[in-house]
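What follows is calculated from the coordinates using simple rules that are stated; it is not laboratory data. Since the model is a prediction, treat every value here as computed from it, not as a measurement. Please note: Cβ atoms are built from the backbone with ideal geometry, for glycine as well, and neighbour counts cover all protein chains shown.
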């Protein structure tokens, strides 16, 4: 859904909802709280004004990351810290929309919302409106008609949020300032195209030193019932939540790596010893990953071969881009360089090879997630008519099992996502197997090979 900024500036067609930005200039803060973790909150400061003759948007996230236009409003930038540098990169409305659309929708055309009843919103009598296309509810003050906040009910991003500090006719000081680093800003990574990280092809990964998984003669006898989420083979971590950060690539890589470690140490090996997701988010070079802007799980394994890796307990996940700093990590909370001795790719599109590799490995895979069939369908075993190709893969997940559905009789892949346990089947999805590589599960599958002597715990 494309953000229609001009709708902010016109009279709203539902009389019960008032204009929050009738003057063409305003600011507000959306305080965002995770549905499944109320202790985790983020502030998104939003400023709206007319620049270059049209409406423009400036956002500050967690008082650190900024999205804003250039002086004439023709381009957008994104500033953040990666490794040890303050960086400014080109951005776009599409990128902002992908990260923050839920918290901007209340300021769009209210004809998209349907009044469904009355409710209390933090002690204020409110009218409740819903937009099912956007998976969003908003609460509107019943006496003033001003939006108070809302909730998302798209389980891939489930939040509650409250609008505060709403002021018409003003903007925050510095909201439109363009840092000197943004002058003639170039993409900081050769892998970034139009604000999106371009994953590596198999040929590129093979040139980097990765090798193909070898399918042995006994592949025909491969087990078809595999489960790395429970019992004596509970090698996968519990379901994780990447939150408001495009860090699926870090989650997929480290979940697979931890699965290999647990396969060696046993299913009760503590999750606090999981290799740190935030570490790769902060510290890999930009040709491997660009923080919350995306990265490549297979290339991450290759980079980690020559680097020590802190544990999750020592370098916890923060859900934002951050300066790379392992100086305070105790030596006894690090996996040494050399833990990963090789990185294996599954031959592209080969589901038989993928099943063979799954016999002994928790595997990081890429999927085409840009379809309701993946995100929210009610099918026990998900399938789609959309053909997934390598250049369409947009999300990394973890392959944690395979089987035959006990009700439908369909063969499936068991896939663990990083959108919290609220998504689909407690954070998992069953994807149809041997049905033409559904959602591209076998297009970008990789796993690390480990040296057990390098596990210090």
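Things worth noting here:
- Angle in degrees between helix 248-265 and the longest Cα principal axis of the chain, rounded to the nearest 10: 30
- Segment 51-136, relative contact order in percent, only Cα pairs under 8 angstrom and at least six apart counted: 15
- Tail weight of P(r) past 44 Å, computed on alpha-carbon pairs of the chain, percent: 16
- Nearest-ten-degree value, helix 93-104 long axis tilted from longest Cα axis of the chain: 70
- Directionally averaged projected area (convex hull, Cα atoms, segment 6-182), nm²: 10.8
- Fully extended contour minus Cα-Cα distance, from residue 227 to residue 371, at 0.36 nm per residue: 49.2 nm
- Protection proxy ranking for 176-182, 95-101, using the average of other Cβ atoms within 10 Å per residue and placing the highest first: 95-101, 176-182.
- The distance separating the Cα centre of segment 383-457 from that of segment 238-255 comes to 14 Å.
- Sites residue 178 and residue 94, calculated FRET efficiency, Cβ-Cβ separation with R0 22 Å, nearest 0.05: 0.65
- Of the residues 419, 249, the one with the fewest other Cβ atoms within 10 Å heads the list, and the complete ranking is 419, 249.
- For segment 273-352 and segment 197-214, distance of Cα centres in Å: 17
- Over the chain, Cα pairs under 8 Å with separation of 6+ residues give a relative contact order of 15 percent.
- Value of Rg to Rh for segment 329-403, rounded to two decimals, is 1.07; Kirkwood radius and Rg both from alpha-carbon coordinates.
- Sequence ranges 395-404, 322-331, ranked by mean other-Cβ count within 10 angstrom, highest first: 395-404, 322-331
- Per residue, the average separation of C-alpha pairs within less than 8 Å and at least 6 apart gives segment 195-454 a relative contact order of 26 percent.
- Ordering 430, 435 from the fewest to the most neighbouring beta carbons within 10 Å gives 435, 430.
- With R₀ set to 45 Å, the beta-carbon distance separating residue 54 from residue 83 gives a calculated FRET efficiency near 0.80.
- Counting every pair of alpha carbons in segment 195-454, the share spaced more than 27 Å apart comes to 30 percent.
- Extension gain, residue 144 back to residue 64 (0.36 nm per residue minus Cα-Cα distance, nm): 25.5 nm
- Ranked for footprinting exposure by Cβ neighbours inside 10 Å, fewest first, 348, 319 give 348, 319.
- Most to least packed among 111-120, 276-285 [average Cβ atoms within 10 Å]: 276-285, 111-120
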